[in-house]
């Protein structure tokens with residue numbers, strides 16, 4: 001039997017953590033773009049667009065991420081594509097992230113006083129101009145802390161992709177456990193690596209919130 | 001796309017699905033009750049508890065909130081037996097959910113407590129209530145009322161997150177779906193059905209919690 005040193009375990013886990021980071025980045029950036037599109041539909045003038053976007057958000061917030069991963073994995077396969085795990089993981093995580101970000105950002109946009117909409121409308125601005133020049137610059141400031149906070153959920157969400165066979169940190173944890181028979185050490189380390197990824201994000205979200213709140217009080 | 005959908009398996013698989021639903025409901029009921037209780041206890045420690053206990057609770061909350069539920073579950077189910085703590089799949093799933101919800105609800109409830117004006121504590125003290133009585137009657141109930149929507153959302157999130165417990169072979173709804181699709185080879189349809197069941201459970205749970213909030217806090221918020 002081969003003996004595994006502590007360093008062997010840690011090194012393999014850290015190598016796999018790169019995929020967790022990459023997948024988180026892809027999901028967050030992709031989800032941000034889809035989420036922005038959803039946001040525009042959600043608060044725009046068209047009734048059908050609002051309903052559609054709301055239905056999308058409720059569907060994705062009301063079902064387990066794991067099920068969404070399974071559906072992406074097996075659903076894309078129905079089109080005759082051979083779906084690799086990374087593709088299903090990216091698609092599901094992007095769609096899931098988009099739903100949450102759209103809802104978070106909607107709250108931020110709605111926190112902008114109604115008068116701002118009316119003033120900009122009275123200046124003859126269209127919907128997109130209002131958003132671009134008046135609403136979004138203000139909403140952005142409110143949106144930063146919760147958005148950073150949600151990125152923690154995205155990092156943690158990537159752990160589920162191990163279940164459809166994408167080899168990232170969690171999957172590596174299972175593989176290493178099966179080789180070393182040291183679940184306590186391995187899963188403890190996996191948890192600590194996740195913590196090292198997530199905690200700075202959580203903390204900076206809290207700090208940003210405090211900082212921007214102070215700015216608010218000075219108004 | 002020349003795929004033909006087939007839901008004919010649904011009738012014969014119904015007992016398996018129903019059992020899965022029962023386990024999922026059971027998990028979230030136990031998880032919610034004990035998780036929120038743990039959250040209240042931790043929030044008390046952080047607000048008024050003994051000084052030495054505060055960093056312990058803070059570490060617990062931060063550790064749980066910054067690691068995935070799946071890893072917490074694996075750690076409890078696969079890791080703890082090395083320390084001689086063995087438990088069944090269902091107990092491990094229950095414990096993981098309680099520990100997880102406990103940390104989140106601690107943060108949520110603490111936010112509600114922090115929003116309580118300082119004078120409320122002093123008013124309680126001036127009525128000769130012990131600090132614990134003040135906490136329970138004067139601080140906690142209004143705090144819970146204030147944060148009830150956030151707490152409800154968190155409970156729903158934990159319910160949806162519980163889909164993961166199928167990975168340690170706890171026989172919840174996802175486990176049932178995995179079992180059924182391995183028999184009928186209709187993976188997509190099976191997961192669509194179970195996804196819709198989860199959606200229905202989430203909506204139901206949300207309504208139930210809203211109703212519970214209505215019952216527990218009949219008075220209007222005093223703000």
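Quick note: the coordinates plus some simple rules give every number you see, no bench work behind them. Because the structure is predicted, anything quoted here is derived from the model rather than measured. Quick reminder, even Gly has a Cβ in these numbers, built from the backbone with ideal geometry, and neighbours come from all protein chains shown.
Odds and ends about this structure:
- FRET efficiency, residue B:150 to residue B:51 (Cβ-Cβ, R0 25 Å, nearest 0.05): 0.35
- With a simple spin-label model that places each label point 7 Å from the Cα along the Cα-to-Cβ direction, the separation between residue A:78 and residue B:196 comes to 1.2 nm.
- Ordering of B:30-38, A:176-184 by packing [mean C-beta count within 10 Å, highest first]: B:30-38, A:176-184
- Take the Kirkwood radius over Cα pairs of segment A:6-217, plug it into Stokes-Einstein at 20 °C and 1.002 mPa s, and you get 112 µm²/s for translational diffusion.
- Secondary-structure-derived ellipticity at 222 nm for chain A, considering helices only, amounts to -27000 deg cm²/dmol, per-run term -39500 (n - 2.57) for DSSP H runs with n ≥ 4.
- Rg and Dmax of segment B:136-184, both derived from C-alpha coordinates alone, stand at 17.4, 57 Å.
- Mean Cβ count within 10 Å, highest first, over the residues of peptides A:80-88, A:109-117: A:80-88, A:109-117
- Stokes-Einstein D for segment B:98-223, Kirkwood Rh over Cα pairs, 20 °C, 1.002 mPa s (µm²/s): 124
- Average beta carbon contacts from partner chains per residue of A:55-68, 10 Å cutoff: 6
- Kirkwood Rh in Å, taken over chain B so that all alpha-carbon pairs contribute: 19.5
- Segment A:16-86, Rg to Rh (Cα coordinates; Rh as Kirkwood inverse mean 1/r): 1.05
- Exercise: per-residue mean of other protein chain Cβ atoms within 10 Å, B:144-150: 0
- The value given for segment B:1-130 is a Kirkwood hydrodynamic radius of 17.9 Å, derived from the mean inverse Cα-Cα separation.
- Rg/Rg_globular for the protein assembly as shown, with Rg_globular taken as 2.2 N^0.38 Å and Rg from C-alpha atoms: 1.05
- Inter-chain Cβ neighbour count for A:167-177, averaged per residue, equals 2 (cutoff 10 Å, partner chain atoms only).
- Remark: spin-label model distance residue B:212-residue A:138 equals 3.9 nm, labels positioned 7 Å along the Cα→Cβ axis.
- 222 nm mean residue ellipticity, helices alone, for chain B (DSSP H n ≥ 4; -39,500 (n - 2.57); rounded to 500): -24000 deg cm²/dmol
- Where the Cα pairs of segment A:31-147 fall when distances are cut into 10 Å bins, in %: 13, 36, 29, 14, 6, 0
- Segment residue A:203-residue A:2, extension gain: residue separation times 0.36 nm, minus the distance between their alpha carbons: 68.3 nm
- Kirkwood radius and radius of gyration were both taken over the C-alpha atoms of segment A:105-206, and their ratio Rg/Rh is 1.28.
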